[in-house]
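Some notes on the structure that comes next.
The values are calculated or read from the model by the stated rules, or taken from the named source; none is laboratory data. Since we're looking at a predicted model, the values are computed, not measured. For neighbour counting, all protein chains shown are included, and Cβ atoms are generated from backbone atoms with ideal geometry for every residue, glycine included.
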Amino acid sequence: MPATFYGRCLGRLLLLLLLCTSVSGGSPTDPAMTTQDSNQTEVNSVTKMQAGHESSGPGVATEKLKPAGKENSYNVSAHEILLSGVSGAPLEKNVPVPSPAKVELTCKLDENSNLKNPQVTWKKGNETISHTSKTPNSWTVQLTISESSQLGSYSCILKSEKEVSAVFHLQVPKIEGKEKPVITYEGDRAVMVCKTEYNPKAWTWYMTNGTELVAIDKILPIDKFQIKRQSASVNRLEVLKLSKEDRGVYWCEAAFDLGSAKMRFELRVLSIMAPLKPFVAIVAEVAILVTTIFLYEVYSKRKGKGGEKELDQTERL
Amino acid sequence: MPAPAEAGRAPGPPDGGWGWVVLVGAFVSIGFAYAFPKGLAIFFKEIQDFFGTSYSEIAWVSSISLATTYGAGCAQYLEVSDPQFRVGPISSILVNRYGSRPVVMFGGLLCGVGMISAAFCTSILQLYICVGFITGFGLALNLQPSVIIIGKYFLKRRPIANGLAMAGSPVMLCTLALLNQFLFDNFGWRGSFLILGAILLNCCVAGALFRPIGARTALVTAPVTEEGEDAVKRNITEDGPVENKPEEEGGKDCFEKINQYLDFSLFKHRGFLIYLIGNVLMFLGFFAPIVFLAPYAKHTGIDDYSAAFLLSILAIVDMFARPLTGIIANSRWVRPRIQYFFSFAIAFNGACHLLCPLASSYTGLIVYSSFFGLAFGMVCAMLFETLMDLVGAARFTSAVGLVTIAECCTILLGPPIGGILIDAFGDYKYMFIKCGTVMVLAGTFLFIMNYYNYRMLAKEEKERKTKEEDPKSVRTENEGKKNWNKDSTQDGPELEPLREKGEGVQKEMNGTIEV
């Protein structure tokens with residue numbers, strides 16, 4: 001009967017909904033994959049990452065001194081840029097280095113390019129570095145990054161008839177946050193979330209007092225600020241009971257072994273009147289339109305009835 | 001000018017006049033119903049961050065989390081599954097009982113209230129109830145009455161009207177996408193929800209335009225055109241199912257009462273069954289490609305913005321394809337065979353998907369998106385038109401309700417099956433092949449079955465014509481009406497290929513009326 005039919009379909013519906021959600025857990029769009037994709041700044045660059053390096057965080061975090069023997073326990077990551085031989089702006093790649101590691105940078109020349117037997121130099125700034133050539137068309141430098149001074153831009157320059165170059169920017173991992181202002185309302189709470197790909201040693205939040213950065217930590221009232229650690233790589237700041245004074249700039253800082261990264265948030269606190277004005281305007285417009293439509297309908301019906309009466313009269317005549 | 005003998009009778013569908021105003025209302029209403037849930041996808045990430053929930057924690061709360069997993073594509077798939085298919089049958093019952101206008105106005109009010117209360121929510125559960133249930137229910141109440149009232153106001157130009165009204169969806173989508181982004185940047189999500197609630201109240205305005213057309217059953221001496229007579233004769237009943245049943249209210253059991261509002265006898269209707277089976281099959285592969293288009297693009301190495309641009313291309317082509325399809329479907333050559341056109345559109349859609357794996361470059365994907373947009377628009381524009389054509393405007397209300405119940409399962413199954421295929425093989429092409437195959441099969445099935453249906457209808461028309469030739473001079477109008485109603489339970493399409501024979505019968509009818 002219809003009721004059980006509906007009931008069965010609803011039941012099936014719910015089951016399928018649950019099925020959907022559990023299946024979509026295995027979505028092909030893993031967040032890790034998409035952030036990797038977003039790291040590709042040039043179409044021609046290819047990244048090869050070895051699996052081991054992501055787990056380097058906690059293990060390496062504790063060591064401040066770096067005895068030589070420890071270098072063997074560093075994780076190795078390899079990065080490559082494929083050059084097409086077309087001269088123009090140098091191809092660039094950002095290489096995040098969260099902790100001391102061995103990094104291999106390779107410049108590879110496309111087989112189909114016009115450049116033949118180029119002279120290759122690797123440079124950091126003005127300093128030349130020695131490199132090796134694993135294959136006829138690729139040149140590699142192997143770096144051991146153990147201090148923040150070793151971070152920077154490493155470039156490979158290929159010169160024969162033309163000159164092409166590529167640059168690797170070795171830097172502390174970037175933080176993802178919100179570039180646009182965070183908009184909240186008085187009495188509500190504001191949430192700012194900082195996320196990185198790698199696990200930093202520590203997170204710190206700052207608010208600006210004039211031109212100074214003041215760290216928000218346990219000293220400040222717990223019913224006003226709450227710092228929550230959603231995971232090692234995601235940290236959030238909640239500002240409760242907002243008022244106009246809370247607006248301004250907030251910073252989140254992630255401390256890595258080789259340096260720290262910062263992210264800026266702008267907090268704007270609006271009063272409830274701000275959206276209320278357009279709201280009232282639109283509701284008024286709706287009310288006016290609906291009334292007009294109904295009045296017009298009544299009016300045209302009356303006119304129609306008057307016209308029909310005339311028609312009947314003329315017919316009788 | 002109506003002849004004196006017809007003074008008591010209202011004319012059939014006006015096919016113009018106030019109908020165009022109703023069309024504007026339907027455009028707005030359908031646009032909101034389809035595009036609004038999709039447009040909310042912009043807010044989801046922020047809301048997730050705000051309430052501090054991770055995807056797995058709220059996995060059972062379907063809409064929001066599904067949308068964030070798949071992004072815009074999933075919201076697009078939800079656009080149809082959520083509003084329409086949760087409450088399709090309820091919508092039909094309400095329209096049968098109260099007419100289109102009160103239902104749409106109530107729906108608009110409900111949406112508005114839902115979004116306004118969502119602006120003040122303090123937990124994700126409350127948000128889901130307000131946005132998912134209340135607003136979703138309100139939007140669903142918008143969709144079907146709008147489609148139904150088009151069937152009441154248009155007949156000869158109905159395919160154009162349908163095409164134009166369904167074009168509301170992509171237009172609203174583009175508008176809402178930009179508007180939502182603007183509102184979000186200036187007012188945050190709470191303020192945006194408040195303002196969107198007010199904007200949704202405009203559905204009430206659309207509903208106010210749906211002036212009830214009080215056509216009682218009429219045998220029309222409308223200007224004789226090549227196309228309209230059979231349709232006009234068989235389908236101008238306003239409260240068809242209700243009139244057919246006995247008038248006394250007492251002594252009816254629950255089943256009969258429901259049957260009064262939702263016409264289950266449609267399951268014996270040959271055309272309806274063909275439509276149902278064909279569409280159920282089609283929906284298995286209809287939405288999955290949209291859901292996975294952007295992820296597939298990213299998988300082949302295209303960046304986020306270009307992937308989103310593919311969906312925009314789809315929407316823009318869709319926007320123009322729908323009215324265009326309506327115009328084509330309305331032409332003299334296509335309208336009598338509109339079912340074939342529909343099957344062709346479905347098969348074309350399937351062919352696009354089958355060819356998609358061959359397109360691996362960005363240009364290839366752009367071409368694919370354009371053709372997909374075209375095919376998608378063609379199918380959507382004719383989705384309701386073909387059902388109306390098969391069962392007639394009178395029983396369309398119940399038909400669309402029943403169709404949504406049956407389709408809800410396969411619509412929800414489509415993308416998850418696609419997802420399973422992708423995860424199992426690690427490659428998107430099997431999903432495209434599956435969708436393409438399913439749709440080509442559905443198109444072929446519909447084509448063959450409709451050919452059979454057209455032939456059966458032609459046969460029945462011939463039989464009926466021979467029956468009529470005997471008592472034609474004795475028959476009164478009322479008897480004629482009853483005969484038409486009885487016959488309309490067996491055959492639906494207004495425009496069989498027997499145009500000339502139809503014209504002959506029409507002239508006979510003219511003769512009896514003017515007596």
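Note on the range B:180-192: residues that are within 9 Å of chain A (Cβ to nearest Cβ) and over 9 Å from A:Pro275 (Cβ atoms) amount to 3. Taken over the range A:116-154, the residue count meeting the criterion of being part of a loop (DSSP other than H, G, I, E, B) and in contact with a strand residue (DSSP E or B) (Cβ under 6 Å, 6 or more places away or on another chain) is 4.
Looking at this structure, is B:Ile346 closer than 26 Å to B:Ala161 by Cα, under 22 Å from the mean Cα position of the chain (by Cα) and surrounded by fewer than 17 Cβ atoms within 10 Å (Cβ to Cβ)? So B:Ile346 fails the test. Among the residues of the range B:172-179, none qualifies, meaning not one is within 10 Å of another protein chain (Cβ to nearest Cβ), surrounded by fewer than 22 Cβ atoms within 10 Å (Cβ to Cβ) and in contact (Cβ under 8 Å) with a residue 40 or more places away in the chain.
None of B:Leu390, B:Leu374 is free of Cβ contacts under 8 Å to residues at least 60 places away in the same chain, assigned to a helix (DSSP H, G or I) and within 24 Å of B:Ser146 (Cα to Cα) except B:Leu374. Just one of the listed residues (A:Ile282, A:Ile227, A:Ile288, A:Ile272) is β-branched (Val, Ile, Thr) and within 30 Å of A:Ser99 (Cα to Cα), and it is A:Ile227. In the range A:235-245, the condition of being more than 30 Å from B:Leu183 (Cβ to Cβ) and over 27 Å from the mean Cα position of the chain (by Cα) is met by no residue. Checked against (1) farther than 25 Å from A:Phe256 by Cα; (2) of a type in the set (Ser, Thr, Tyr); (3) modelled with pLDDT of 85 or more, A:Ser133 passes all but a single condition, namely (3). Candidates in the range A:70-91 are the residues that are modelled with pLDDT of 80 or more and in contact with a helix residue (DSSP H, G or I) (Cβ under 9 Å, 6 or more places away or on another chain); of these, the one that is nearest to A:Leu170 (Cα to Cα) is A:Ser77.
When B:Leu358, B:Leu387 are screened for being surrounded by fewer than 23 Cβ atoms within 10 Å (Cβ to Cβ) and of a type outside the set (Gly, Ala, Ser), only B:Leu358 passes. Within the range A:254-271, does at least one residue satisfy the condition of being out of contact with any Pro (no Cβ under 9 Å at 6 or more places or on another chain) and over 21 Å from B:Ile47 (Cα atoms)? Yes, the range A:254-271 contains at least one residue that is out of contact with any Pro (no Cβ under 9 Å at 6 or more places or on another chain) and over 21 Å from B:Ile47 (Cα atoms). Checked against (1) modelled with pLDDT of 90 or more; (2) over 21 Å from the mean Cα position of the chain (by Cα), B:Ile129 passes all but a single condition, namely (1). A residue that is hydrophobic (A, V, I, L, M, F, W, C) and part of a loop (DSSP other than H, G, I, E, B) occurs somewhere in the range A:169-178. Against the test of being surrounded by 12 or more Cβ atoms within 10 Å (Cβ to Cβ) and free of Cβ contacts under 8 Å to residues at least 40 places away in the same chain, the options A:Ile293, A:Ile288, A:Ile222, A:Ile272 yield a single qualifying residue, A:Ile293.
Take the conditions closer than 21 Å to B:Cys130 by Cα and at pLDDT 90 or above and apply them to B:Gly31. Does it pass? When the stated conditions are applied, B:Gly31 passes them. Condition test on A:Ile157, is it in a strand (DSSP E or B) and either in the same structural domain as A:Asp257 (by TED's automatic domain parsing) or under 27 Å from the mean Cα position of the chain (by Cα) (or both)? Here the answer is no, as A:Ile157 does not meet what is asked. Of the candidates B:Asp427, B:Asp491, B:Asp423, the single residue that is at negative phi, outside any helix (DSSP H, G or I) and modelled with pLDDT of 75 or more is B:Asp427.
Every listed requirement among (1) more than 12 Å from B:Met388 (Cβ to Cβ); (2) in a helix (DSSP H, G or I) is met by B:Ile150 save one, (1). The strands (runs of 3 or more DSSP E) located wholly in the range A:194-278 that include 3 or more residues which are aliphatic (A, V, I, L, M), out of contact with any His (no Cβ under 7 Å at 6 or more places or on another chain) and within 13 Å of chain B (Cβ to nearest Cβ) occupy A:234-239, A:259-270.
Selection within the range B:423-466: residues that are within 14 Å of chain A (Cβ to nearest Cβ) and in contact with a Ser or Thr (Cβ under 9 Å, 6 or more places away or on another chain). The member of this set that is farthest from B:Ser360 (Cα to Cα) is B:Asp423. Could you tell me whether any residue of the range B:286-302 is crowded, with 24+ Cβ neighbours inside 10 Å, outside any helix (DSSP H, G or I) and within 14 Å of chain A (Cβ to nearest Cβ)? There is at least one residue in the range B:286-302 that is crowded, with 24+ Cβ neighbours inside 10 Å, outside any helix (DSSP H, G or I) and within 14 Å of chain A (Cβ to nearest Cβ).
In a residue-by-residue description of the range B:333-341, the property of being free of Cβ contacts under 8 Å to residues at least 24 places away in the same chain, in a loop (DSSP other than H, G, I, E, B) and over 21 Å from B:Val147 (Cβ atoms) applies to at least one position. Test B:Gly114 against the criterion of being assigned to a helix (DSSP H, G or I) and more than 14 Å from every other protein chain (Cβ to nearest Cβ), and give yes or no. So B:Gly114 passes the test.
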